[in-house]
Ligand code: NDP
């Protein structure tokens, strides 16, 4: 039996060399639940830790496709079916050149606890490809998606594994993949979430991750007798999560001053209003342009190759990608008066930065709690598909609010110590207990 986190981590690192992001994600969870495990040693006796870090299944496959010039290209596809103790595998597909097994194992591992926190019956999984959608025509995207699904279809199903979107996979890609699945299986099934509204999608699914992160931040602020009114907010990214986080912050009376993409950050001291946000949505979702065009149009500052964390803000919501706030940036945010950091993205905060926030008493909402709204509404999309009916926008939004509130309460229950709440600890313990107990119930499988 392991006697320390370091001893356990040594085994994980030796077994999974060169998967740094996976090590990082596992260490964060194990460190924060270790005291709980020592108080409840039956989990260690039954080797739950060893089992939970080993995916139930990993599928890796060739994805050949033809570009518009007729050339053959080859990418690598993956699906990590991590844990099905509490429901079918569920988690997004990411298309980005940085995708490899370590990245998808980190995301799949996080997904197990996140899905558990939602209270819905969903296991953890993640998948994707090192395919780069940037600069590709619609035809090339379709060609790739069809080839990707031509292998993936045999491993997924409405009661087995239900993928969704993530970085580089939005409504367009889900549509192409759904079409190919239907063609291959001759079955109209709820096998993907994030579908179009005409063919089985749920209202509020596109908004859910960004809205949910802001609902979670609102709960954290409320817990401290505060709210979003008049708060200055720095957001990173300008994709799905960032866009709808921005929309919800504006609705709650906050002022969003930054957005970014992989080439730089825009800083708009006047705040991004509804009309400017619409410009960004058109720019990113239709024209697929660069964020710099916003600065050119509205005459605000553009910080080339820089992230938003130099901006003065009360609340920071990182919504781009993993490891996008380092220790120095965290210190800078604290120095500038930032009082709350909420992860819209998955693991955007490096461990040194998390330490800075916790030490300095900044309210810190980890992604597996704060961005669970996306997968929660995916779960609601699955329910609607199974019942063959659609809920209204208001119904889904209410359910999303309730779920985020409930996740917040679970974090408080397991993370409160004295007057403060350690949300990392709270989220990890609450997420772990349900999955671990289910694994124990189901025997050695
Ligand atoms: P999108 O592809 O819609 O947007 C991603 C944004 O992040 C883009 O602005 C992109 O800029 C930027 N970005 C991506 N990679 C990098 C990088 N390496 N460096 C700097 N910027 C980068 O993705 P989503 O909005 O869906 O996802 C954002 C984050 O939220 C991810 O961490 C994802 O895992 C997480 N998440 C998403 C959910 C969802 O429902 N979509 C659910 C839960 C979490 P550029 O265009 O220049 O690449």
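Got a number for residues in segment 384-407 being touching a residue at least 40 places away in the same chain (Cβ under 8 Å) and in a helix (DSSP H, G or I)? Show your work before the answer.
Narrowing segment 384-407 to residues touching a residue at least 40 places away in the same chain (Cβ under 8 Å): 384-386, 390-393, 396-397, 400-401, 403-407.
Okay, now just the ones that are also in a helix (DSSP H, G or I), so 384-386, 393, 396-397, 400-401, 403-407.
Of the residues in that region, 13 qualify.
Which of the numbered conditions does residue 308 fail, given that it passes all the others? Conditions: (1) within 14 Å of the ligand (Cβ to nearest atom); (2) out of contact with any helix residue (DSSP H, G or I) (no Cβ under 8 Å at 6 or more places or on another chain); (3) more than 21 Å from residue 214 (Cβ to Cβ).
Here residue 308 clears every test but (3).
Looking at residue 201 and the list (1) within 16 Å of the ligand (Cβ to nearest atom); (2) part of a loop (DSSP other than H, G, I, E, B); (3) closer than 21 Å to residue 108 by Cα; (4) touching a residue at least 40 places away in the same chain (Cβ under 8 Å), which single condition is not satisfied?
Going through (1) within 16 Å of the ligand (Cβ to nearest atom); (2) part of a loop (DSSP other than H, G, I, E, B); (3) closer than 21 Å to residue 108 by Cα; (4) touching a residue at least 40 places away in the same chain (Cβ under 8 Å) one by one, residue 201 breaks only (3).
Please specify each residue of segment 335-349 satisfying the condition of being over 25 Å from residue 230 (Cα atoms) and surrounded by fewer than 19 Cβ atoms within 10 Å (Cβ to Cβ).
none
Across segment 62-72, which residue is farthest from the chain's Cα centre (by Cα) among those that are touching a residue at least 12 places away in the same chain (Cβ under 8 Å) and surrounded by fewer than 17 Cβ atoms within 10 Å (Cβ to Cβ)? Steps first, please.
We begin by selecting, within segment 62-72, every residue touching a residue at least 12 places away in the same chain (Cβ under 8 Å); these are 62-68.
Then keep just the ones that are surrounded by fewer than 17 Cβ atoms within 10 Å (Cβ to Cβ); that gives 62, 64, 66-68.
Numbers: 62: 25, 64: 28, 66: 30, 67: 30, 68: 32 Å.
That would be 68.
Of all residues being within 13 Å of the ligand (Cβ to nearest atom) and in contact (Cβ under 8 Å) with a residue 60 or more places away in the chain in segment 78-97, which is nearest to residue 190 (Cα to Cα)? Just the residue, please.
Just the residues of segment 78-97 that are within 13 Å of the ligand (Cβ to nearest atom), to begin with: 90-97.
From what's left, in contact (Cβ under 8 Å) with a residue 60 or more places away in the chain: 90-96.
On the way: 90: 12, 91: 14, 92: 14, 93: 16, 94: 19, 95: 21, 96: 25 Å.
Taking the candidates together, the pick is 90.
Does residue 46 meet the test of being closer than 25 Å to residue 127 by Cα and either buried (at least 16 other Cβ atoms within 10 Å of the Cβ) or in contact with a helix residue (DSSP H, G or I) (Cβ under 8 Å, 6 or more places away or on another chain) (or both)?
On the way: closer than 25 Å to residue 127 by Cα: no; either buried (at least 16 other Cβ atoms within 10 Å of the Cβ) or in contact with a helix residue (DSSP H, G or I) (Cβ under 8 Å, 6 or more places away or on another chain) (or both): yes.
Spelling it out, it is not the case that residue 46 is closer than 25 Å to residue 127 by Cα and either buried (at least 16 other Cβ atoms within 10 Å of the Cβ) or in contact with a helix residue (DSSP H, G or I) (Cβ under 8 Å, 6 or more places away or on another chain) (or both).
Given (1) outside any loop (DSSP other than H, G, I, E, B); (2) touching a helix residue (DSSP H, G or I) at 6+ places or on another chain (Cβ under 6 Å), where does residue 190 come up short, assuming only one miss?
Every listed condition holds for residue 190 apart from (1).
Give the residue that is nearest to residue 214 (Cα to Cα), with candidates limited to residues of segment 250-262 that are crowded, with 18+ Cβ neighbours inside 10 Å and without any contact (Cβ under 8 Å) to a residue 40 or more places away in the chain. Let's see the steps before the verdict.
Taking segment 250-262 as the starting set, the residues that turn out to be crowded, with 18+ Cβ neighbours inside 10 Å are 250, 254-261.
Imposing the further condition that a residue be without any contact (Cβ under 8 Å) to a residue 40 or more places away in the chain reduces the set to 250, 255-256.
Details: 250: 10, 255: 13, 256: 12 Å.
For segment 250-262, the residue satisfying everything is 250.
Quick check on segment 286-301: of everything there that is surrounded by 16 or more Cβ atoms within 10 Å (Cβ to Cβ) and away from the ligand (no atom under 14 Å from the Cβ), which residue is nearest to the chain's Cα centre (by Cα)?
Restricting to residues being surrounded by 16 or more Cβ atoms within 10 Å (Cβ to Cβ) and away from the ligand (no atom under 14 Å from the Cβ), the top hit is 295.
Can you tell me which residue in segment 211-236 is farthest from the ligand (Cβ to nearest atom), limited to those that are in a loop (DSSP other than H, G, I, E, B) and more than 15 Å from the chain's Cα centre (by Cα)?
Pass one, segment 211-236, residues in a loop (DSSP other than H, G, I, E, B): 224-231, 236.
So of that shortlist, the ones also more than 15 Å from the chain's Cα centre (by Cα) come out as 224-231.
Working: 224: 25, 225: 29, 226: 25, 227: 24, 228: 20, 229: 26, 230: 26, 231: 21 Å.
Restricting to residues being in a loop (DSSP other than H, G, I, E, B) and more than 15 Å from the chain's Cα centre (by Cα), the top hit is 225.
Does segment 263-285 include one or more residues that are within 12 Å of the ligand (Cβ to nearest atom), exposed (fewer than 14 other Cβ atoms within 10 Å of the Cβ) and over 25 Å from residue 220 (Cα atoms)? It would help to see each step written out before you state the result.
Filtering segment 263-285 for residues within 12 Å of the ligand (Cβ to nearest atom) gives 263-266, 280-281, 283-285.
Keeping just the survivors that are exposed (fewer than 14 other Cβ atoms within 10 Å of the Cβ) gives 263.
Filter again for over 25 Å from residue 220 (Cα atoms), leaving 263.
Yes, the conditions are met somewhere in segment 263-285.
Is at least one residue of segment 140-156 crowded, with 18+ Cβ neighbours inside 10 Å and in a loop (DSSP other than H, G, I, E, B)?
Checking segment 140-156: at least one residue is crowded, with 18+ Cβ neighbours inside 10 Å and in a loop (DSSP other than H, G, I, E, B).
If I filter segment 362-380 for residues that are surrounded by fewer than 24 Cβ atoms within 10 Å (Cβ to Cβ), without any contact (Cβ under 8 Å) to a residue 40 or more places away in the chain, away from the ligand (no atom under 14 Å from the Cβ) and farther than 30 Å from residue 191 by Cβ, do I get at least one hit?
yes
Would it be correct to say that residue 233 is under 24 Å from residue 221 (Cα atoms), surrounded by 20 or more Cβ atoms within 10 Å (Cβ to Cβ) and touching a residue at least 40 places away in the same chain (Cβ under 8 Å)?
Yes.
Taking the condition of being within 11 Å of the ligand (Cβ to nearest atom), in contact with a strand residue (DSSP E or B) (Cβ under 7 Å, 6 or more places away or on another chain) and not in a strand (DSSP E or B), how many residues in segment 237-262 meet it?
Residues in segment 237-262 being within 11 Å of the ligand (Cβ to nearest atom), in contact with a strand residue (DSSP E or B) (Cβ under 7 Å, 6 or more places away or on another chain) and not in a strand (DSSP E or B): 4 in total.
Collect the residues in segment 135-176 that are under 21 Å from the mean Cα position of the chain (by Cα), in contact (Cβ under 8 Å) with a residue 60 or more places away in the chain and within 16 Å of the ligand (Cβ to nearest atom), keeping them in residue-number order.
Result: 162, 163, 164, 165, 166, 167, 168, 169, 170, 173.
Restricting to segment 189-198, name every residue that is more than 11 Å from the ligand (Cβ to nearest atom) and surrounded by 24 or more Cβ atoms within 10 Å (Cβ to Cβ).
Step one: of segment 189-198, the residues more than 11 Å from the ligand (Cβ to nearest atom) are 189-192, 195-198.
Passing the criteria: 191, 192.
Using the structure shown, decide if residue 324 is surrounded by fewer than 24 Cβ atoms within 10 Å (Cβ to Cβ), within 16 Å of the ligand (Cβ to nearest atom) and more than 18 Å from residue 24 (Cβ to Cβ).
Against the criterion (surrounded by fewer than 24 Cβ atoms within 10 Å (Cβ to Cβ), within 16 Å of the ligand (Cβ to nearest atom) and more than 18 Å from residue 24 (Cβ to Cβ)), residue 324 does not qualify.
Need pairs with beta-carbon distance below 6 Å; first residue touching a residue at least 12 places away in the same chain (Cβ under 8 Å) and within segment 1-16, second surrounded by 10 or more Cβ atoms within 10 Å (Cβ to Cβ) and in a loop (DSSP other than H, G, I, E, B); sequence gap 6+ or separate chains.
Note: pairs meeting the criteria are 8/2; 12/53.
Read-outs: derived from the displayed coordinates by stated rules, not from any lab. The shown structure was predicted, so the numbers you read here are calculated from the model rather than taken from an experiment. Note that each Cβ is placed from the backbone with ideal geometry, even for glycine, and that neighbours are counted across all protein chains shown.
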